[in-house]
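Asks: This is the structure I have questions about; it appears just below.
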Amino acid sequence: MEQKLSSNHGSWGKAVDKQSQVLRKGRSIEFSRASFSAWQLQLIKTLGLEKVKKNFFQFGWSQGKDMARTVNQQGDLDLISQMLRGAEIHEAFGQAQVTIDVKKIEVAENEVVSVLFKGRWSESFEASNYINEGITAVKPVCYTLCGFASGYISTLIGKEVFFKEQACEASGEGFCQWEGKLLEHWNPSDYESFFGPELEENPVAFSKVEEERNRLQTVIDIHNELTEELIRSNRLKNILSILRKYISEPIIIENQKGQITDFENIGLEEATELQGPFHKRLKEWPIQKAEFLQCEHYGRLTAPIYIQNQILGYCSFIYEKNKRPPEEIDRMILGRLTSISALVYLNNKNIMEANARTKGILFEKMLTDGFESKEQIIRELNLLNIDVSGKYHVAYLALGYNEFDEEDNLSTFTSIYEEVVQFFQERSYEVLQVQRANGILCFIPEDADHELMHNGPAIFYERIRRFYPKIHCHVGVSSTCQDLSQVNDRMKEAMTAARFTTELQPTISFNELGILGILVHSQEEKAIRKIAEMELGALYGTSEQQKEYMLTLYEFLMNGGNLELTSANLKLSVSGLRYRINRISEIAKVDLRDSGTQFDLLLALKALKVIGEF
């Protein structure tokens, strides 16, 4: 039975010339080129080109073989003419316009021992499929045409001949270029994927293909639903509620600090209990891609959430210990969830950064008196949902780095800036932030003594110390105020307080400084030096030894006279420190055992330290 293709302009029944009409005698199936092309495209989309290219080649081979038998039966053509008739048949069937550039045939003792054909196809129906769909192929695609030519010539000469396409219109070339020669003259790698046993009907194989197609469709449906919800709400909670229809296992999403941000099909308390073994595994070996972990009491399929090549968290499916291991579709769904989670994180990050920039500009204007009136300040703050009808205070987060790495330090500063925003969001507070010196200023619309602010600086300090161990963090807090015109003064108070912090007291309020704070804050440095000279006597000065002695006395008094703590801080032996303290007492002519003297000396030393005297 002949199977024939026709051009878009007509069916097989239209003869190009008298000779081609002879080829169409006998029973045939006639359909348009467009119909055949649609069938080809559907197979490619369903199974993939690599799986169907052999089928296309074998289909063309069968067609070429049938045409060769028909031509051979005519008996009025020699072998060379019969071979060249194949090009006419191509054109008659509307498959392509054919140009033969090279034709060499070597015959020895009535046997063809060498064949070489080179030429071009234009308007190939297979290449046209891609061009009409707007698709650029990465390699030649005219497998049916190659199969036709291979089967046609092979049947005529009684030896296997293979035609291979080397350039294709579908790949953006001006024409399709091909070459044909005896199969034995090709490398096996050129033809072995097109030959071999015919495909047998295998219900199991077809069932697997159908199952795989259904899985893929399920994943596509899930992805579409998740994407629509992302556009609608940008909330992971809503996205997980959609996944609940497809995934019955517990789902956990956590950030880069290991904090659970969202969960489904499990309670928060139970989810928290499962985190220990997972975090232990992360410390031993980071997880860079989707991986299944078999823990003692459960299994965990987890994948990282990537943004700009950085891991910002993990998504996980939890499986009971004796339950089935995760299937491939679970991995595919988890992959979609991590992608959507990354987009949610990225959207939230962009929103936060834009909001932070707006707030920073507003805070900067407040500090530089850039508003025409108090009413304008209140109006713009209200637009940011910041209520300033009551009291406010300012906090200053002073940052120092253990190691100098400009790029790494900048990244760390950005992370801490985001940490400040998150810290106040967790307490349902909208604050203003701006960078100042080597730290961050925060305008907090609340009384510094309010219960929600109670221990806030200390809690935040511990949080930074835990997650950013390379950072020195100190927090100064201003007094409370209600007059917005005094915000610049509150800023100075907070920065002054931060200068009085120590390793033992990393957070301090301006109100705790007393008269010393007022002196420093009012920038009465001349008065401070006068007081220091009166209290310290000959110990006060600018020489290296005097500075070293003042630092030693400062650490000794800050540690309550404890020699062991002081020697550890100064990296001195206890005996060496004892000698130095006695020497300091002689130079300053003071009794360091007297509590009143200790108080006066420490007050003077603190003041000198703040203004940078040692």
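Asks: Select from the range 150-191 the residues that are touching a residue at least 24 places away in the same chain (Cβ under 8 Å) and among the polar types (S, T, N, Q) and write down the one among them that is nearest to Asn55 (Cα to Cα).
Replies: Ser150
Asks: Answer yes or no: is there a residue in the range 130-142 that is hydroxyl-bearing (Ser, Thr, Tyr), at pLDDT below 90, surrounded by 15 or more Cβ atoms within 10 Å (Cβ to Cβ) and under 42 Å from the mean Cα position of the chain (by Cα).
Replies: Yes, the range 130-142 has at least one match.
Asks: Name the residues in the range 502-513 that are of a type outside the set (A, V, I, L, M, F, W, C) and surrounded by fewer than 19 Cβ atoms within 10 Å (Cβ to Cβ), would you?
Replies: Passing the criteria: Thr502, Glu503, Gln505, Asn511, Glu512.
Asks: Which residue out of Val71, Val115, Val102, Val107 is open to solvent by 50 Å² or more (accessible area, probe 1.4 Å) and modelled with pLDDT of 85 or more?
Replies: Of the residues listed, the single one that is open to solvent by 50 Å² or more (accessible area, probe 1.4 Å) and modelled with pLDDT of 85 or more is Val107.
Asks: Let me ask something additional. Kindly provide the set of residues from the range 293-326 that are farther than 21 Å from Arg244 by Cβ, touching a Gly at 6+ places or on another chain (Cβ under 9 Å) and assigned to a strand (DSSP E or B), ordered by number.
Replies: Leu293, Pro304
Asks: Can you confirm whether Phe56 is aromatic (Phe, Trp, Tyr), surrounded by 14 or more Cβ atoms within 10 Å (Cβ to Cβ), touching a residue at least 24 places away in the same chain (Cβ under 8 Å) and in contact with a helix residue (DSSP H, G or I) (Cβ under 7 Å, 6 or more places away or on another chain)?
Replies: Yes.
Asks: Can you name every residue in the range 143-175 that is under 14 Å from Trp121 (Cβ atoms), open to solvent by less than 30 Å² (accessible area, probe 1.4 Å) and outside any helix (DSSP H, G or I)?
Replies: Matches in the range 143-175: Phe163, Glu165, Ala167, Cys168.
Asks: Please go through the range 118-129 and give me each residue that is of a type outside the set (D, E, K, R), assigned to a strand (DSSP E or B) and surrounded by fewer than 19 Cβ atoms within 10 Å (Cβ to Cβ), ordered by number.
Replies: Once the filter is applied, which keeps residues that are of a type outside the set (D, E, K, R), assigned to a strand (DSSP E or B) and surrounded by fewer than 19 Cβ atoms within 10 Å (Cβ to Cβ), the range 118-129 yields only Ser122.
Asks: Are any of the residues in the range 282-294 open to solvent by less than 60 Å² (accessible area, probe 1.4 Å) and farther than 21 Å from Glu327 by Cβ?
Replies: Yes - at least one qualifying residue is present in the range 282-294.
Asks: Continuing with this model, one more query. Select from the range 351-397 the residues that are acidic (Asp, Glu) and assigned to a helix (DSSP H, G or I) and write down the one among them that is surrounded by the fewest Cβ atoms within 10 Å (Cβ to Cβ).
Replies: Among them, the one singled out is Glu375.
Asks: If you don't mind, another one. Return the total of residues in the range 501-551 being under 25 Å from Tyr461 (Cβ atoms) and modelled with pLDDT of 80 or more.
Replies: Final tally of qualifying residues: 10.
Asks: I would also like to ask the following. Does any residue in the range 220-235 that is closer than 11 Å to Arg336 by Cα and open to solvent by 40 Å² or more (accessible area, probe 1.4 Å) come within less than 6 Å, Cβ to Cβ, of a residue that is modelled with pLDDT of 90 or more and of a type outside the set (A, V, I, L, M, F, W, C) six or more places away or on a different chain, and which pairs are these?
Replies: As it stands, the answer is His223/Arg336, since those pairs meet every condition given.
Asks: Let me ask something additional. Out of the range 388-401, which residues are within 36 Å of the chain's Cα centre (by Cα) and not hydrophobic (A, V, I, L, M, F, W, C)?
Replies: Scanning the range 388-401 gives Tyr396, Gly400, Tyr401.
Asks: Looking only at the range 40-52, decide whether some residue is modelled with pLDDT under 90, touching a strand residue (DSSP E or B) at 6+ places or on another chain (Cβ under 9 Å) and open to solvent by 40 Å² or more (accessible area, probe 1.4 Å).
Replies: Scanning the range 40-52, I find no residue that is modelled with pLDDT under 90, touching a strand residue (DSSP E or B) at 6+ places or on another chain (Cβ under 9 Å) and open to solvent by 40 Å² or more (accessible area, probe 1.4 Å), so the answer is no.
Asks: So, one more: Looking at Phe443, Phe467, Phe413, Phe460, can you tell me which residue is without any contact (Cβ under 8 Å) to a residue 24 or more places away in the chain and among the hydrophobic types (A, V, I, L, M, F, W, C)?
Replies: Of Phe443, Phe467, Phe413, Phe460, the one residue that is without any contact (Cβ under 8 Å) to a residue 24 or more places away in the chain and among the hydrophobic types (A, V, I, L, M, F, W, C) is Phe413.
Asks: Could you tell me whether any residue of the range 135-149 is farther than 27 Å from Gln82 by Cβ and among the basic types (Lys, Arg)?
Replies: Yes.
Asks: Go through (1) open to solvent by 20 Å² or more (accessible area, probe 1.4 Å); (2) without any contact (Cβ under 8 Å) to a residue 60 or more places away in the chain; (3) outside any loop (DSSP other than H, G, I, E, B); (4) β-branched (Val, Ile, Thr) and name the single condition Ile329 misses.
Replies: For Ile329, the exception is condition (2).
Asks: Please determine, by comparing only the residues of the range 584-599 that are part of a helix (DSSP H, G or I) and either open to solvent by 60 Å² or more (accessible area, probe 1.4 Å) or in contact with a strand residue (DSSP E or B) (Cβ under 7 Å, 6 or more places away or on another chain) (or both), which one is nearest to Gln546 (Cα to Cα).
Replies: Per the stated criteria, the residue is Glu586.
Asks: Could you run through the range 443-487 and say how many residues are over 24 Å from Ile377 (Cβ atoms), among the aromatic types (Phe, Trp, Tyr) and buried (at least 16 other Cβ atoms within 10 Å of the Cβ)?
Replies: The total comes to 3.
Asks: Across the range 176-192, which residue is most open to solvent (accessible area, probe 1.4 Å) among those that are part of a loop (DSSP other than H, G, I, E, B) and either modelled with pLDDT of 95 or more or not charged (D, E, K, R) (or both)?
Replies: Ranking the candidates gives Asn187 first.
Asks: Continuing with this model, one more query. Out of all the residues in the range 236-261, which are under 22 Å from the mean Cα position of the chain (by Cα) and open to solvent by less than 30 Å² (accessible area, probe 1.4 Å)?
Replies: Once the filter is applied, which keeps residues that are under 22 Å from the mean Cα position of the chain (by Cα) and open to solvent by less than 30 Å² (accessible area, probe 1.4 Å), the range 236-261 yields Leu236, Ile239, Leu240, Leu243, Ile251, Ile252, Ile253, Glu254, Asn255, Gly258.
Asks: Continuing with the same structure: Could you list, in sequence order, all residues of the range 242-274 that are out of contact with any strand residue (DSSP E or B) (no Cβ under 7 Å at 6 or more places or on another chain), in a helix (DSSP H, G or I) and under 24 Å from Ile329 (Cα atoms)?
Replies: Within the range 242-274, just Ile242 meets the criteria.
The values are calculated or read from the model by the stated rules, or taken from the named source; none is laboratory data. Quick caveat: nothing in here was measured; it's all calculated off a predicted structure. Positions of Cβ are generated from backbone atoms using ideal geometry, with glycine treated the same way; all protein chains shown enter the neighbour counts. Each accessible area value is taken on the protein alone, full model and side chains, heavy atoms only, with ligands, DNA and RNA left out. Shrake-Rupley method; radii C 1.70, N 1.55, O 1.52, S 1.80 Å.
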